[in-house]
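Each value in this text was obtained by applying a stated rule to the coordinates, not by laboratory testing. Only a predicted model underlies this, so the values are computations on that prediction, with no experimental measurement involved. Every residue, glycine as well, gets a Cβ built from its backbone with ideal geometry; the counts of neighbours run over all protein chains shown.
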Amino acid sequence: MRKWADEVAKEIAEQKPEFAAIHVQGLLSAPDPEYLCKTVLRGIIDAPGIYRHFESSTAFFDTKVTGLGNMYLFRDASAVQQFDRFLHTGYRQMKPGHDQFVGRPEVDGFIQNTFGQQHTFRREFYALKFRRNA
């Protein structure tokens, strides 16, 4: 995954966009979804072409219910407002820096409430599937 993250970062850095979005799926099929998320995030944010070009980023990675992750990179944080998804109080100004929401707090705070789901068999199914095939 580190190599994949490096390639994604390189492709984005070469284009020098004002905004970039990266979507990841299949996190629940990894033996350690939390570690996979951190590897992807570090691989992209730490790339010189990314941290020099983008002033701000935010990432949401769910390792409990959906296995999906999204990362958004912004060249100019002052031009972006983000909806306050926890308090539903409107939009707040993005600040320079890199925010990452990974794992359980992300699900408990937003995704689980949105989808109305409790923890299901999905994670256990994938874990069992990959243990059988190993």
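Details
- Flag for ALA47 being small (Gly, Ala, Ser), surrounded by 18 or more Cβ atoms within 10 Å (Cβ to Cβ) and out of contact with any Gly (no Cβ under 9 Å at 6 or more places or on another chain): yes
- Hits in segment 5-44 (condition: among the polar types (S, T, N, Q) and surrounded by 14 or more Cβ atoms within 10 Å (Cβ to Cβ)): SER29, THR39
- Filtering segment 50-83 to residues that are surrounded by fewer than 20 Cβ atoms within 10 Å (Cβ to Cβ), aliphatic (A, V, I, L, M) and more than 21 Å from GLY103 (Cβ to Cβ) leaves ALA77, ALA79, VAL80.
- Failed item, numbered, when ARG42 is tested on (1) over 13 Å from MET1 (Cβ atoms); (2) within 13 Å of the chain's Cα centre (by Cα): (1)
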